[in-house]
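What follows draws every value from the coordinates through simple rules; no lab data is involved. Here the structure is a predicted model, which is why all the values come from computation and not from measurement. Neighbour counts are summed over all protein chains in view; Cβ atoms, including those assigned to glycine, are modelled from backbone coordinates with ideal geometry.
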Amino acid sequence: MSKIHAAITAVNGYVPDYILTNQELETMVETNDEWITTRTGIKERRILKGEGKATSDMAVPAVEGLLRKRGISAEEIDLIIFCTSTPDMPFPATANILADKIGAINAWGFDLQAACSGFIYGLTTGAQFIESGKHKKVLVVGGDKMSSIINYEDRATCIIFGDGCGVVLLEPNTEGLGVLDAILKSDGSGKEYLNIKAGGSLMPASHETVDQKLHYAFQEGKTVFKFAVTNMANVAAEIMERNQLTSEDVNWLVPHQANKRIIDATAERMGLGPEKVMINIQKYGNTTSGTIPLCLWEWENQLKKGDILILAAFGGGFTWGSVYLKWAY
Ligand SMILES: CC(C)(COP(=O)(O)OP(=O)(O)OC[C@H]1O[C@@H](n2cnc3c(N)ncnc32)[C@H](O)[C@@H]1OP(=O)(O)O)[C@@H](O)C(=O)NCCC(=O)NCCS
């Protein structure tokens with residue numbers, strides 16, 4: 001019997017309706033459209049508005065749409081891996097909340113937190129359960145309501161992040177299609193440059209932590225940029241070399257959307273022209289775990305069976321990595 005690979009057999013996404021433009025940000029912090037556009041490539045991002053709306057509320061329409069597309073019921077799902085840095089609550093896991101909301105009564109699930117590398121960590125983890133033969137249908141969800149942890153008085157972060165959610169379904173494939181290789185890395189010494197200081201066991205929530213705005217995301221952008229631009233490009237090049245892939249072989253780079261300059265550097269290192277790079281950062285900003293599946297969703301109609309995709313991400317932790325896969329439909 002030929003080896004079982006985990007193939008993506010369906011993809012879907014959801015972005016909230018509200019559009020936060022650079023022009024609106026100009027009225028909130030000292031910034032301008034020209035600065036944001038040239039430094040990051042971002043023009044607008046989506047924001048989930050409304051009381052009582054959480055990350056799982058973006059996942060529900062994304063997953064329900066995916067199930068309809070694939071023509072399967074929620075009861076057929078074996079496992080849900082919910083990649084997020086903005087869970088609905090510290091516990092229970094958002095995967096459990098999502099399972100309840102969609103009626104995935106036969107699934108187990110867990111949340112996976114690897115900041116902006118969440119989706120590629122989750123995809124690689126989900127693939128193991130398919131490759132082992134243990135499961136037949138695994139949902140990997142990447143979604144973040146970043147607006148819930150952003151200080152809209154901090155121009156270092158509020159211009160970058162947005163809300164959104166993407167999801168893929170993994171199923172077994174014996175034709176050599178699906179996830180073929182992954183390189184995942186981490187370096188916890190990066191924690192000081194990108195973090196949320198309060199609200200965890202180190203610094204539980206108190207009046208003081210709220211007053212000091214320590215429940216918001218903090219980023220030292222310059223340092224993160226330097227690590228990101230080198231490591232994302234290196235790991236994408238490394239996975240190509242390890243699999244003897246040339247730039248001609250690769251059909252698509254699917255990069256995490258943190259900064260257009262980081263994406264461009266990665267594509268250049270891989271020898272890819274802009275026509276092979278999925279970029280939607282101008283519309284959505286950085287949706288953390290959502291970026292890569294949202295790209296796959298948007299480009300789905302252009303993808304062909306057998307296409308070679310390289311996924312690459314870098315994020316808080318630091319975490320980073322790359323996935324090599326062959327598109328299965
Ligand atoms: C955040 C980021 C866009 C900032 O760009 P940068 O080129 O590093 O900018 P700097 O922080 O060095 O700031 C440059 C200048 O612009 C100013 N500036 C910073 N933010 C600004 C803003 N939103 N609007 C206008 N000016 C701003 C700074 O004060 C600084 O001014 P100075 O030169 O007078 O001191 C960039 O560092 C970045 O993308 N970092 C990585 C993000 C990332 O990949 N995260 C990992 C995954 S989540």
Q: Examine the stretch 183-190 for a residue that is within 16 Å of the ligand (Cβ to nearest atom) and out of contact with any Phe, Trp or Tyr (no Cβ under 7 Å at 6 or more places or on another chain), and state whether such a residue exists.
A: yes
Q: Could you tell me whether any residue of the stretch 196-216 is more than 16 Å from the ligand (Cβ to nearest atom), in contact (Cβ under 8 Å) with a residue 40 or more places away in the chain and under 30 Å from residue 169 (Cα atoms)?
A: no
Q. Does the stretch 234-244 contain at least one residue that is within 24 Å of the chain's Cα centre (by Cα), in contact (Cβ under 8 Å) with a residue 40 or more places away in the chain and within 16 Å of the ligand (Cβ to nearest atom)?
A. yes
Q) Out of the residues in the stretch 258-306 that are in contact with a strand residue (DSSP E or B) (Cβ under 7 Å, 6 or more places away or on another chain) and of a type in the set (Gly, Ala, Ser), which is farthest from the ligand (Cβ to nearest atom)? A) 306
Q. Residue 109: surrounded by 17 or more Cβ atoms within 10 Å (Cβ to Cβ), touching a residue at least 12 places away in the same chain (Cβ under 8 Å) and in a strand (DSSP E or B), yes or no?
A. yes
Q. Which is farther than 15 Å from residue 116 by Cβ and among the hydrophobic types (A, V, I, L, M, F, W, C), of 240, 232?
A. 240
Q. What tally of residues in the stretch 264-280 results from selecting those that are buried (at least 17 other Cβ atoms within 10 Å of the Cβ) and without any contact (Cβ under 8 Å) to a residue 24 or more places away in the chain?
A. 3
Q.
Among the residues of the stretch 317-324, are any touching a strand residue (DSSP E or B) at 6+ places or on another chain (Cβ under 8 Å) and more than 16 Å from the ligand (Cβ to nearest atom)?
A. yes
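Would you tally the residues in the stretch 124-165 being away from the ligand (no atom under 16 Å from the Cβ) and either of a type outside the set (Phe, Trp, Tyr) or closer than 21 Å to residue 197 by Cβ (or both)? Talk me through it step by step, then tell me what you get.
Here is the first cut: in the stretch 124-165, the residues away from the ligand (no atom under 16 Å from the Cβ) are 124-141, 165.
Among the residues that remain, those that are also either of a type outside the set (Phe, Trp, Tyr) or closer than 21 Å to residue 197 by Cβ (or both) are: 124-128, 130-141, 165.
Qualifying residue count for the region: 18.
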Q) Are there any pairs, at least 6 apart or on different chains, whose C-beta atoms fall under 8 Å, with the first in the stretch 2-31 and farther than 11 Å from residue 45 by Cα and the second within 13 Å of the ligand (Cβ to nearest atom) and of a type in the set (D, E, K, R), and if so, which? A) 23/33; 26/33; 28/153; 29/153; 29/154; 29/155; 30/155; 31/155
